[in-house]
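Scroll down for the structure; my scribbles are underneath it.
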Amino acid sequence: MNDNALNLSVEIAGLRLKNPVMTASGTFGYGEEYAEFFDLSRLGALVVKGLSLRPKRGNPTPRIAETASGMLNAIGLQNIGVEEFIGKKLPLLRSFDTVIIANFFGDTFEEFIDTAEALDRAEGVHALELNISCPNKQQGWVSFGSDPGLMRELLGAIRAVVKKPLIVKLSPNTADIKQAAVLAQECGADALSLINTLTGMAIDIRRRVPLLANNTGGLSGPAIKPVAVRMVWEASNVVSIPVIGMGGIMNSSDALEFLIAGARAIAVGTANFVNPLSTVQIIEGLERFMSEEGIGDIQDIIGSLRTYNNARSC
Amino acid sequence: MNDNALNLSVEIAGLRLKNPVMTASGTFGYGEEYAEFFDLSRLGALVVKGLSLRPKRGNPTPRIAETASGMLNAIGLQNIGVEEFIGKKLPLLRSFDTVIIANFFGDTFEEFIDTAEALDRAEGVHALELNISCPNKQQGWVSFGSDPGLMRELLGAIRAVVKKPLIVKLSPNTADIKQAAVLAQECGADALSLINTLTGMAIDIRRRVPLLANNTGGLSGPAIKPVAVRMVWEASNVVSIPVIGMGGIMNSSDALEFLIAGARAIAVGTANFVNPLSTVQIIEGLERFMSEEGIGDIQDIIGSLRTYNNARSC
Amino acid sequence: MHRLFKARIVQTTVLSGSYRLLTLSSEEYIRHCEAGQFFMLQTGSEFLLKRPFSIFSHRGGLLYFLYCIRGKGTKRLSELREGDFIEVLGPLGKAYPKPAGDFIALAGGSGIASIYCLLEDNKGKGHLFYGAKEKGDIVLADSLEKVSKVLTIATEDGSLGVKGNALEALCSKYQGDPPMPIYACGPKQMLMAVSRWALDKGLPCYISLEEHMACGVGACLSCVVETREGLKGICKDGPIFSAGEIIGA
Amino acid sequence: MHRLFKARIVQTTVLSGSYRLLTLSSEEYIRHCEAGQFFMLQTGSEFLLKRPFSIFSHRGGLLYFLYCIRGKGTKRLSELREGDFIEVLGPLGKAYPKPAGDFIALAGGSGIASIYCLLEDNKGKGHLFYGAKEKGDIVLADSLEKVSKVLTIATEDGSLGVKGNALEALCSKYQGDPPMPIYACGPKQMLMAVSRWALDKGLPCYISLEEHMACGVGACLSCVVETREGLKGICKDGPIFSAGEIIGA
Ligand SMILES: Cc1cc2nc3c(=O)[nH]c(=O)nc-3n(C[C@H](O)[C@H](O)[C@H](O)COP(=O)(O)OP(=O)(O)OC[C@H]3O[C@@H](n4cnc5c(N)ncnc54)[C@H](O)[C@@H]3O)c2cc1C
Ligand SMILES: Cc1cc2nc3c(=O)[nH]c(=O)nc-3n(C[C@H](O)[C@H](O)[C@H](O)COP(=O)(O)OP(=O)(O)OC[C@H]3O[C@@H](n4cnc5c(N)ncnc54)[C@H](O)[C@@H]3O)c2cc1C
Ligand SMILES: Cc1cc2nc3c(=O)[nH]c(=O)nc-3n(C[C@H](O)[C@H](O)[C@H](O)COP(=O)(O)O)c2cc1C
Ligand SMILES: Cc1cc2nc3c(=O)[nH]c(=O)nc-3n(C[C@H](O)[C@H](O)[C@H](O)COP(=O)(O)O)c2cc1C
Ligand code: FES
Ligand code: FES
């Protein structure tokens, strides 16, 4: 098969991505950190570090710890705030021929709305990704994402002010990802991102303190991939909006698992730290796989999993 | 410190364990498979493969797949049934000087009760461990453990027929382990075991089929340890009954993380497959640690975590 | 009683494109082994589970394994170097029943590993039918020549020996009943076919089965096979089974 | 533009109980390096994240790292052998500002790694104060003698050089103001103390900070430090900072 004939482009919420490979929020800075490693225009989409209305200092250090095939992070959503992002980071990002997606969150209901509005107005931001995995200060640190009522209220209000495509990023710390996915779709999400990190903890046994100054943190990396693939499969079977899959993708073979399970696009997170060229190599790997398998269009891979019928579940 | 002076014994639900090291259900067969590797009397407790009223055939193969620092299994709770267990396996187990715990489950409400009754009567079974992570056939494969109403009903009924110590094993596939832990305590559990496996999936990208004939399976091993430690820490902070910690324990240092986090005992699962002597080496490692740190009684380790106060959570 | 030990890689030999021969030694411990038994071998420190491999040879206090690079684990194993140490568990499982006299050996692909061991332990008694895709996949023909009584090689493309698969070669040779027991190791399909053939003729037939394994000792219940007496564990009750036991054979 | 490459282990040298010297070469790529910069080194295939290590030397197309075995990763690194390949990312971060003339160098423990590089790149100009717990922890004294102008060794137990820590040795030597800038690498406590001392005296002082790192390039925000201009990334804006910048110094 002629490589030029390969079609890797996918559509997410009305946006055309040249390939299904995105960066995962918080693992690619504001893009500039990796711009010297490769041409960012090669990316399907670039998702920036989670933004809030005002700058945030984040948590004390140590903020990360390595675990078996994974890492825990408790960055605490440190970010420069929407205003500085628009003024200082967005101009460079606009110069790349790729889709720019702004991940955002708020500590309060109002902050969510105000941040969404600001990003919706910002030229060069093509879509918004709402992070509802973070705790809700007003209601005693309950995660917005784990309370259906709260989620419905929040999503409704954000949807009302956002004209750009709205992606909702779901937390895996839930008993039923299908329910969360359906709810987000009902509330007007144009696409879903999953998964965010699983909450975890690691302990220094000599000093008997947590390895993270925040006690707990979010687990990412290859360790969580099986959970992520399962959730992407479950979610994409119950919604009609596209699902963006992520969680432990290190190479094109991992990416293919997600695409086959039903993800329309995938995002690369922790792998960027291990190998700054991960995204590019994954794109190349997808092309190689398609050539080898004689697949001309990536659509023929997406959701192509043939499951067994005899499945029980324990 | 003189090693003879070390006290490793712990009490779980009125049972005295000579040390806090147990085997995790389903990873140690019925004991006999590992009896030629070491003297099973060295174990704090031995938990056998999950039992049901009648023998079960389990799932088609392949039943396992390796993932990054973990494995997926979908054995399908194959077991020989309570009767054959009592007749053919228990006699050998009685010959060891260790606490024998029977893990059990049912496909239906009635099966749970009947199995519990049979095991409660069986001489040589010191305690029962209820596995509520499995799906409830009657109500459309909803896990008993993920529905509080169902769990309350089931636990109440089982508690009513079980005189022996009753351990309830919780699933990590939940948004709030604290809630499940408190509920189990309220319903009369004498101790909690956590965590069972996280549901996951892995895919053969060439053939585009799941790696397991059951499509999904349970993720165990080092990959899940951070999630397990976090849940043990959360649960042990909200209940007064003892918590038995498990999930990815490979060595004594892992075991210590759980004990420090608040587990009164720990169980070794997947590690048995990697190294049949894991449990013994963990016991020896705990002794070594106590000697090195000048700790005479394991009680001084349990729950000794000093957490940071400034913790947020995202 | 221990059977888990560290072994040193004494030699690694490339036999062909994807076939390798691995030689291990251990000062600690190498127990008495028999053809048909297997070891679980650690293939790299990044993998949790060990991989099962049949004993290829066990001469002079050394352990030999013949393996084919299939996936991540075997790839990684092939990258290890002489002097490296790996953890091994074994010998595990049941051996081939000792043949009393001459016997027929049938091997497909990497199935040659356990069959070689059987031939070597029963030198000059085995009538070997050994098949593979093509010439390049036939390994150690010279050594096989030495340990077997008669050697018939079959390749699917006819690039070496007779054209076709090993079982066809066997069947066409023995249209009547060969008065010998059959020992077979290779792809599942071949094993099922030879089992039916032997059962038809009333010949004893022993096959070596494969399944994904975690523990190797019968504890995890991952490697089951349906037998006439119910589910059995391939690692513990096998990997060698009598053809008559297996449902579907 | 690439800075991620595979490097071959050319030599591994045991310097003392827990100190090792690692020599790497790469046909692919070794870029211009400067003292104070660091690399992220893969320590074993079972670890996800690379570990940060300062450049110890960069002569003759080779890269040298001096490290102390602290935890799992450094333990594993010490088990690798000559001929093994590891993935490395670098050079990363900002270098020490080039000293114009003579300078004071202060090193504690494994902090000697980046300080050695600075001394070697500015031969005969550094007045080195090098401290460690005891004699056995002082490594490469001969080489240090050669590259520095004056070498003062301090050990806490007095088993080699003066008794006490390196900073005490420095302070007692220069009770007036040494007319030289200070370069320091070592434990956080030492760095904070020397920073205050230098700020007091109005001397330029450059310190090399450490923090747990994931990416090494400023993307993950794990390695922040509080500066007078807000939070900065140690990997990208550092690891070398001017003492005056750091809050708490
Ligand atoms: C009793 C027994 C003896 C064997 N003897 C030999 C031998 O002598 N030479 C040889 O080349 N091969 C032999 N095999 C097959 C060998 O175990 C697999 O080829 C090997 O496990 C593949 O590992 P991988 O990581 O490269 O493949 P991957 O596909 O990456 O493996 C993923 C997982 O699947 C398992 N798996 C994949 N294929 C098999 C298989 N066919 N059998 C069991 N597990 C599998 C692996 O062990 C691993 O856990 C034997 C298998 C069994 C059960
Ligand atoms: C810029 C920089 C330069 C360094 N240069 C050197 C050097 O030249 N020689 C030397 O011996 N050491 C140096 N260190 C410290 C070295 O990185 C750690 O000792 C090493 O990461 C410990 O890894 P481990 O897996 O053995 O320890 P573990 O405690 O098992 O590590 C667990 C995790 O914590 C991280 N970690 C633990 N301690 C540190 C630390 N002090 N700094 C950063 N991360 C840490 C590890 O990277 C790993 O991710 C440097 C650190 C930094 C930040
Ligand atoms: C250091 C770090 C910071 C992250 N920050 C954010 C964030 O700001 N917003 C967000 O939605 N997700 C954040 N995530 C989650 C990732 O975007 C991704 O969902 C998760 O890490 C799983 O993918 P991975 O295993 O490929 O890393 C962060 C992850 C890491 C490791
Ligand atoms: C092959 C296998 C079979 C299991 N069978 C059971 C079971 O029958 N009942 C049960 O409660 N848990 C079962 N488990 C879960 C384990 O007891 C344990 O909770 C889990 O594996 C986490 O521990 P680990 O990471 O140390 O393996 C099984 C786990 C594995 C890997
Ligand atoms: S591999 Fe565990 S039972 Fe056979
Ligand atoms: S290590 Fe990632 S920002 Fe410094």
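The values are calculated or read from the model by the stated rules, or taken from the named source; none is laboratory data. These figures come from a predicted structure and were not determined experimentally. Positions of Cβ are backbone-derived with ideal geometry, glycine not excepted, and every protein chain shown enters the neighbour counts.
With respect to residue B:70, determine if the residue is modelled with pLDDT under 95 and surrounded by 24 or more Cβ atoms within 10 Å (Cβ to Cβ). Full working, then the answer.
Values: modelled with pLDDT under 95: no; surrounded by 24 or more Cβ atoms within 10 Å (Cβ to Cβ): yes.
It is false that residue B:70 is modelled with pLDDT under 95 and surrounded by 24 or more Cβ atoms within 10 Å (Cβ to Cβ).
Go over the candidates B:83, B:129 one by one and state the one that is crowded, with 20+ Cβ neighbours inside 10 Å and among the acidic types (Asp, Glu).
On the way: B:83 fails: crowded, with 20+ Cβ neighbours inside 10 Å.
Answer to the selection: B:129.
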| So which of C:160, C:167, C:144, C:140 is in contact (Cβ under 8 Å) with a residue 12 or more places away in the chain and either more than 15 Å from residue C:16 (Cβ to Cβ) or aromatic (Phe, Trp, Tyr) (or both)? | C:167
| query | Looking only at residues in segment A:289-303 that are assigned to a helix (DSSP H, G or I) and more than 12 Å from chain B (Cβ to nearest Cβ), which one is nearest to ligand 4 (Cβ to nearest atom)? | reply | A:298
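Being more than 30 Å from residue A:37 (Cα to Cα) and out of contact with any strand residue (DSSP E or B) (no Cβ under 7 Å at 6 or more places or on another chain) narrows it down to one of D:156, D:229, so name that one.
One residue alone meets the criteria, D:156.
Pick from segment A:272-293 the residues that are without any contact (Cβ under 8 Å) to a residue 60 or more places away in the chain and among the small types (Gly, Ala, Ser): which of them is farthest from ligand 2 (Cβ to nearest atom)? Give the steps one after another, and end with the answer.
So the first thing to find is which residues in segment A:272-293 are without any contact (Cβ under 8 Å) to a residue 60 or more places away in the chain, and the list is A:274-275, A:278, A:281, A:284-285, A:288-289, A:292-293.
Narrowing further to those that are among the small types (Gly, Ala, Ser): A:278, A:285.
Values: A:278: 18, A:285: 27 Å.
That would be A:285.
Could you go through segment A:184-205 and let me know if any residue there is touching an Asp or Glu at 6+ places or on another chain (Cβ under 8 Å), within 14 Å of chain B (Cβ to nearest Cβ), touching a residue at least 60 places away in the same chain (Cβ under 8 Å) and more than 18 Å from residue A:77 (Cβ to Cβ). Steps first, please.
Here is the first cut: in segment A:184-205, the residues touching an Asp or Glu at 6+ places or on another chain (Cβ under 8 Å) are A:193, A:202-203, A:205.
Okay, now just the ones that are also within 14 Å of chain B (Cβ to nearest Cβ), so A:202-203, A:205.
Next cut, touching a residue at least 60 places away in the same chain (Cβ under 8 Å) only: A:202.
Retained after the next criterion (residues that are more than 18 Å from residue A:77 (Cβ to Cβ)): A:202.
Yes: segment A:184-205 contains one or more residues that are touching an Asp or Glu at 6+ places or on another chain (Cβ under 8 Å), within 14 Å of chain B (Cβ to nearest Cβ), touching a residue at least 60 places away in the same chain (Cβ under 8 Å) and more than 18 Å from residue A:77 (Cβ to Cβ).
Okay, residues lined up against (1) modelled with pLDDT under 95; (2) over 24 Å from residue B:229 (Cβ atoms):
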| site | (1), (2) |
| --- | --- |
| A:109 | yes, yes |
| A:126 | no, yes |
| A:139 | yes, yes |
| A:144 | yes, yes |
| A:164 | no, yes |
| A:171 | yes, no |
| A:190 | no, yes |
| note | The correct count of residues that are surrounded by 22 or more Cβ atoms within 10 Å (Cβ to Cβ), assigned to a helix (DSSP H, G or I) and within 14 Å of chain C (Cβ to nearest Cβ) in segment B:245-288 is 7
| What is the residue count in segment A:214-230 for residues that are among the small types (Gly, Ala, Ser) and surrounded by fewer than 24 Cβ atoms within 10 Å (Cβ to Cβ)? | 0
| note | All-but-one check, residue A:28 against (1) more than 10 Å from ligand 3 (Cβ to nearest atom); (2) at the interface with another protein chain (Cβ under 7 Å from one of its Cβ atoms); (3) of a type outside the set (Val, Ile, Thr), failing number (1)
| message | Name the single residue that is nearest to the other protein chains (Cβ to nearest Cβ) among those in segment B:70-116 being assigned to a loop (DSSP other than H, G, I, E, B) and over 21 Å from residue B:272 (Cβ atoms). | response | B:107
| query | When segment A:156-188 is examined, which residues are found to be surrounded by 24 or more Cβ atoms within 10 Å (Cβ to Cβ) and closer than 16 Å to residue A:117 by Cα? | reply | A:158, A:167, A:168
| query | Is there any pair linking a residue in segment C:201-219 that is within 16 Å of ligand 4 (Cβ to nearest atom) to one that is at pLDDT 95 or above and of a type in the set (D, E, K, R), with Cβ under 6 Å and at least six apart or on different chains, and which? | reply | C:218/C:236
| task | Test residue B:53 against the criterion of being crowded, with 19+ Cβ neighbours inside 10 Å and more than 7 Å from every other protein chain (Cβ to nearest Cβ), and give yes or no. | result | yes
| field | Close pairs from segment B:167-183: first more than 13 Å from every other protein chain (Cβ to nearest Cβ), partner assigned to a strand (DSSP E or B) and among the charged types (D, E, K, R), Cβ under 6 Å, at least 6 apart | value | B:167/B:129
| task | All but one of (1) surrounded by 20 or more Cβ atoms within 10 Å (Cβ to Cβ); (2) under 13 Å from the mean Cα position of the chain (by Cα) hold for residue D:94, so report the exception by its number. | result | (1)
| Conditions (1) out of contact with any helix residue (DSSP H, G or I) (no Cβ under 8 Å at 6 or more places or on another chain); (2) farther than 27 Å from residue B:69 by Cα; number of the one not met by residue C:235 | (2)
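Filter the strands (runs of 3 or more DSSP E) completely within segment C:17-76 down to those with at least 3 residues that are aliphatic (A, V, I, L, M). Quick ask: steps written out before the conclusion?
Numbers: elements: C:19-25, C:38-41, C:51-54, C:62-68.
Strands (runs of 3 or more DSSP E) meeting the threshold: C:19-25, C:62-68.
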| note | For residue C:60, the lone unmet condition from (1) under 20 Å from residue C:123 (Cα atoms); (2) within 16 Å of ligand 2 (Cβ to nearest atom) is (2)
| query | Being surrounded by fewer than 20 Cβ atoms within 10 Å (Cβ to Cβ), among the charged types (D, E, K, R) and touching a residue at least 60 places away in the same chain (Cβ under 8 Å), is that true of even one residue in segment D:103-122? | reply | no
| request: Select, from C:53, C:47, the only residue that is within 16 Å of ligand 5 (Cβ to nearest atom), among the aromatic types (Phe, Trp, Tyr) and in contact with a Leu (Cβ under 9 Å, 6 or more places away or on another chain). | output: C:53
| said: If a residue must be buried (at least 24 other Cβ atoms within 10 Å of the Cβ) and assigned to a strand (DSSP E or B), how many such residues does segment C:225-239 contain? | reply: 2
| query | Going through segment B:192-229 one residue at a time, which ones are assigned to a strand (DSSP E or B), farther than 20 Å from residue B:262 by Cα and of a type outside the set (Gly, Ala, Ser)? | reply | B:198, B:199, B:201, B:203, B:204, B:209, B:210, B:216, B:219
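Is it true that residue D:175 is away from chain A (no Cβ under 14 Å), polar (S, T, N, Q) and outside any helix (DSSP H, G or I)?
yes
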| Across segment A:104-118, which residue is farthest from residue A:161 (Cα to Cα) among those that are touching a residue at least 24 places away in the same chain (Cβ under 8 Å) and surrounded by fewer than 24 Cβ atoms within 10 Å (Cβ to Cβ)? | A:107
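Would you call residue A:306 facing chain B (nearest Cβ under 9 Å) and within 28 Å of residue A:185 (Cα to Cα)?
Numbers: facing chain B (nearest Cβ under 9 Å): yes; within 28 Å of residue A:185 (Cα to Cα): yes.
Judged against the criteria, residue A:306 is a match.
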| task | Return the residue satisfying two criteria in turn: it lies in segment B:52-69 and is assigned to a loop (DSSP other than H, G, I, E, B) and charged (D, E, K, R), and of such residues it is nearest to residue C:215 (Cα to Cα). | result | B:63
| task | Within segment C:64-81, count every residue that is modelled with pLDDT of 95 or more and either more than 10 Å from every other protein chain (Cβ to nearest Cβ) or touching a His at 6+ places or on another chain (Cβ under 9 Å) (or both). | result | 11
| note | From the option list C:104, C:115, C:86, single residue qualifying as more than 13 Å from the chain's Cα centre (by Cα) and under 26 Å from residue C:181 (Cα atoms) is C:104
